[in-house]
Amino acid sequence: MPDALVTRNLSKSFEGCLALDGVSIRIREGEMVALLGASGSGKSTLLRHIPGFLTATGGDVEVLGTPVQVDGKLVGSANAIRSRVGFVFQQFNLVNRLPVITNVLVGQLYRTPWWRSLLMRFTPEQRRQAIEALAAMGIEETAWRRASTLSGGQQQRAALARCLVQGARLILADEPIASLDPESSRRVMELLQSLNRQHGCTVLVSLHQVDFAIRYCERTIALNAGKVVFDGPSSTLTPQRLATLYGSSAWELFAPGSGSVSAMSFQQQPLATAFRS
């Protein structure tokens with residue numbers, strides 16, 4: 001299968017601090033990959049370089065066979081490729097005062113005539129597609145409610161419906177479950193998995209909970225201090241390996257109440273015992 005995403009020696013400095021340090025990754029179309037790391041590892045910075053929200057200090061980014069950045073500079077095709085990339089933010093990125101269906105229909109703006117875009121005028125067919133997308137996410141009953149009335153989990157599902165309406169081929173999810181309770185987190189991860197398996201979207205989801213990476217993604221790319229320190233099967237991410245990769249920060253990668261290990265048990269028990277607890 002062709003590549004959905006390639007980065008080559010991607011680097012980024014902020015005021016002399018190296019946030020990305022020669023990151024080279026390759027993700028094939030149809031994969032669902034976890035991007036794992038403790039706080040400050042560079043996950044969000046990497047994701048924002050892929051559609052060109054940030055420009056690199058150096059290196060290349062290629063999405064769906066099309067260059068987005070070359071040697072740290074945006075290319076002319078960047079705007080066009082963004083229409084094929086869905087971005088899911090940790091804080092949902094919905095307009096609270098607008099109905100949910102309008103927030104979802106924003107995913108259609110890139111292929112809507114400019115005059116309709118200005119007036120937020122959508123066709124009956126576009127509205128039908130939005131309702132179907134909300135139904136696929138299990139929240140069609142919220143279509144005409146203000147986005148501000150939804151729970152965090154519902155808002156994140158609306159954001160996923162927007163990606164579906166957009167027709168995104170690559171979905172980048174930046175800590176999509178960080179603000180959610182465990183049940184909502186599981187539901188959002190299941191829906192990302194559905195977008196990958198049933199709708200053929202390539203998914204790169206950043207997480208700081210190894211439990212969810214192992215459960216939902218066959219492959220994990222782990223970052224630490226802006227470098228790729230692991231790229232392989234999620235099932236091999238044992239506490240011992242994580243302790244080697246992250247040292248004393250490894251306990252951050254286990255979500256309390258997730259069902260396998262808590263931060264406290266990771267710190268207080270031998271690693272192999274903690275992982276089985």
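Some notes on this structure:
- When the range 209-233 is filtered for residues that are of a type in the set (Asp, Glu) and crowded, with 17+ Cβ neighbours inside 10 Å, only ASP211 remains.
- Those residues of the range 140-177 which are among the acidic types (Asp, Glu) and either surrounded by fewer than 20 Cβ atoms within 10 Å (Cβ to Cβ) or at positive phi (or both), in sequence order: GLU140, GLU141, GLU175
- Helices (runs of 4 or more DSSP H) wholly inside the range 174-277 that include at least 2 residues being under 28 Å from PRO2 (Cβ atoms) and modelled with pLDDT of 90 or more: 182-197, 210-216
- Counting the residues of the range 52-77 that are surrounded by fewer than 19 Cβ atoms within 10 Å (Cβ to Cβ) and not in a loop (DSSP other than H, G, I, E, B) gives 6.
- Residues of the range 54-111 satisfying the condition of being among the basic types (Lys, Arg) and under 22 Å from PHE122 (Cα atoms): ARG82, ARG84, ARG97, ARG111
- All of (1) free of Cβ contacts under 8 Å to residues at least 40 places away in the same chain; (2) closer than 30 Å to PRO239 by Cα; (3) outside any strand (DSSP E or B) hold for ARG26 with one exception: (3).
The values are calculated or read from the model by the stated rules, or taken from the named source; none is laboratory data. Just so it is clear, the structure is predicted and the values come from calculations on it, not from any experiment. Methodologically, a virtual Cβ is constructed for each residue, glycine included, from the backbone with ideal geometry; neighbour enumeration extends over all protein chains shown.
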